[in-house]
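Inspection log for the structure reproduced underneath, given as structure tokens.
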Amino acid sequence: AMKEGEMPVTSQVNSEDFISFFEPFLKNGQDILHVSLSSGLSGTYNSANIAKQELLERYPERQIKIVDSLGASSGYGLFMEYLADLRDAGKSLEEVYAWAEENKLNMHHWFFSTDLTSYKRGGRISATAAVVGSILSICPLMNMDDEGHLIPRKKIRTKRKAIEEMVETMLVHVQEGETYTGKCAISQSACMEDALKVAQLIEEKIPLLKGKISINSIGTVIGAHTGPGTVALFFMGDKRTSK
């Protein structure tokens with residue numbers, strides 16, 4: 001639909017939705033650790049905290065921990081995988097929560113887009129910049145900073161160079177460099193071929209990855225803003241900054 005000119009809209013989860021979802025667990029005597037979509041992109045984190053305060057008045061004996069992931073898409077998902085691994089290893093809720101807060105800025109989000117139409121429609125770039133970018137085959141390389149905002153980092157000409165630059169950027173920031181043994185994920189919006197090229201190049205340069213690189217659809221919420229033609233890369237690296 002977006003390829004045909006449709007402009008979808010998104011809305012955040014409200015506090016009542018969170019209350020309806022959380023309360024059955026609390027009634028059953030369970031504590032809750034919720035990891036929210038980045039507060040730099042959505043007000044969902046605030047909704048979760050409003051629900052938390054109301055529910056703790058009803059269930060003061062329970063614990064509700066809310067983490068602002070400062071992440072999104074498969075970066076959010078990959079972060080949840082790490083937390084699930086800790087849970088499965090027998091870590092307590094407090095230990096998993098502490099690890100999440102300490103390590104969430106280590107989850108890197110890098111992405112490029114070959115179609116700037118949705119960025120123009122959403123007001124993220126001007127109409128002039130979109131036209132010039134399309135004429136010059138510019139694929140902006142962007143990432144998520146330490147406040148969970150999407151930040152343009154480089155303007156790269158041609159998709160091939162954008163793929164190479166994104167992988168080289170990973171090598172600069174990834175934990176342990178070429179000997180990285182952690183997880184890696186990619187998400188894509190209607191451009192699987194490009195995602196496969198990124199994955200192949202990473203597997204050649206970083207052969208000790210934990211398992212195969214997972215390639216997922218970018219998701220309806222983030223995809224509604226990026227549109228088709230976006231490839232995003234996620235991995236554990238150094239601390240994200242605003243620079």
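The values are calculated or read from the model by the stated rules, or taken from the named source; none is laboratory data. This structure is a prediction, so every number in the text was calculated from the model and none was measured. In this analysis, Cβ positions are derived from the backbone assuming ideal geometry, glycine residues included, and neighbour counts consider all displayed protein chains.
With the structure loaded, tell me whether VAL67 is within 25 Å of SER214 (Cα to Cα) and hydrophobic (A, V, I, L, M, F, W, C) or whether it fails that test.
Details: within 25 Å of SER214 (Cα to Cα): yes; hydrophobic (A, V, I, L, M, F, W, C): yes.
Taking the combined requirement at face value, the residue satisfies it.
Please report, ordered by residue number, the helices (runs of 4 or more DSSP H) entirely within the range 23-123 with at least 1 residues that are crowded, with 20+ Cβ neighbours inside 10 Å, among the aliphatic types (A, V, I, L, M) and under 21 Å from the mean Cα position of the chain (by Cα). Give the steps one after another, and end with the answer.
Details: elements: 44-58, 73-88, 93-103, 117-121.
In the range 23-123, the matching helices (runs of 4 or more DSSP H) lie at 44-58, 73-88, 93-103.
What residue, of LYS212, LYS155, LYS183, is basic (Lys, Arg) and at pLDDT 95 or above? Spell out how you get there, then give the answer.
Details: LYS212 fails: at pLDDT 95 or above; LYS155 fails: at pLDDT 95 or above.
The conditions single out LYS183.
Would you check if SER242 is at pLDDT 95 or above, polar (S, T, N, Q) and closer than 30 Å to VAL9 by Cα? Lay out the reasoning, then the answer.
On the way: at pLDDT 95 or above: no; polar (S, T, N, Q): yes; closer than 30 Å to VAL9 by Cα: yes.
In short, no.
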